[in-house]
Amino acid sequence: MQQLFDDYGRSPVDEWAESQRTAWHTAWKAWVDDVRAVQEAIRAYAFEQGREIRHVDADVKKAARHPEPAA
């Protein structure tokens, strides 16, 4: 999505070619689907571990922003 944002902007506009709109919408839908899958995984993990979703979500966001170096 970031590459499309950089190339085309944040949302489709009338001046875009059909291929640009299609690429943007396809990538956007895939991104939304991925976000939903991550949110569901966070909910499931929080439930399994007996933790609050907000705490697990915060841990995931922190790890995504500051990943540990590979061993």
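The values are calculated or read from the model by the stated rules, or taken from the named source; none is laboratory data. Predicted model, so just to flag it, every value in this text is computed and none were measured. Every residue, glycine among them, receives a Cβ derived from its backbone with ideal geometry; neighbour counts consider all protein chains shown. For accessibility, only protein heavy atoms count, side chains too; no ligands or nucleic acids. Shrake-Rupley method; radii C 1.70, N 1.55, O 1.52, S 1.80 Å.
Being under 11 Å from the mean Cα position of the chain (by Cα) and charged (D, E, K, R) is the filter here, so list the residues in the stretch 29-60 that pass it. Show your work before the answer.
At the first step, the residues of the stretch 29-60 found to be under 11 Å from the mean Cα position of the chain (by Cα) are 29-39.
Residues satisfying the conditions are K29, D33, D34, R36.
Read through the list (1) open to solvent by less than 70 Å² (accessible area, probe 1.4 Å); (2) not in a helix (DSSP H, G or I), then give the number of the only condition that A71 fails.
So A71 meets the others, but not (1).
Mind listing just one residue for me: the one in the stretch 39-68 that is hydrophobic (A, V, I, L, M, F, W, C) and surrounded by fewer than 13 Cβ atoms within 10 Å (Cβ to Cβ) and, of those, nearest to D6 (Cα to Cα)?
Residues of the stretch 39-68 hydrophobic (A, V, I, L, M, F, W, C): 41-42, 44, 46-47, 53, 56, 58, 60, 63-64.
Now drop any that are not surrounded by fewer than 13 Cβ atoms within 10 Å (Cβ to Cβ), which leaves 41, 44, 47, 58, 63-64.
Values: A41: 29, A44: 34, F47: 37, A58: 27, A63: 25, A64: 21 Å.
Top of the filtered list is A64.
Taking the stretch 1-25 only, how many residues are modelled with pLDDT under 75, of a type outside the set (A, V, I, L, M, F, W, C) and in a loop (DSSP other than H, G, I, E, B)?
So the answer is 5.
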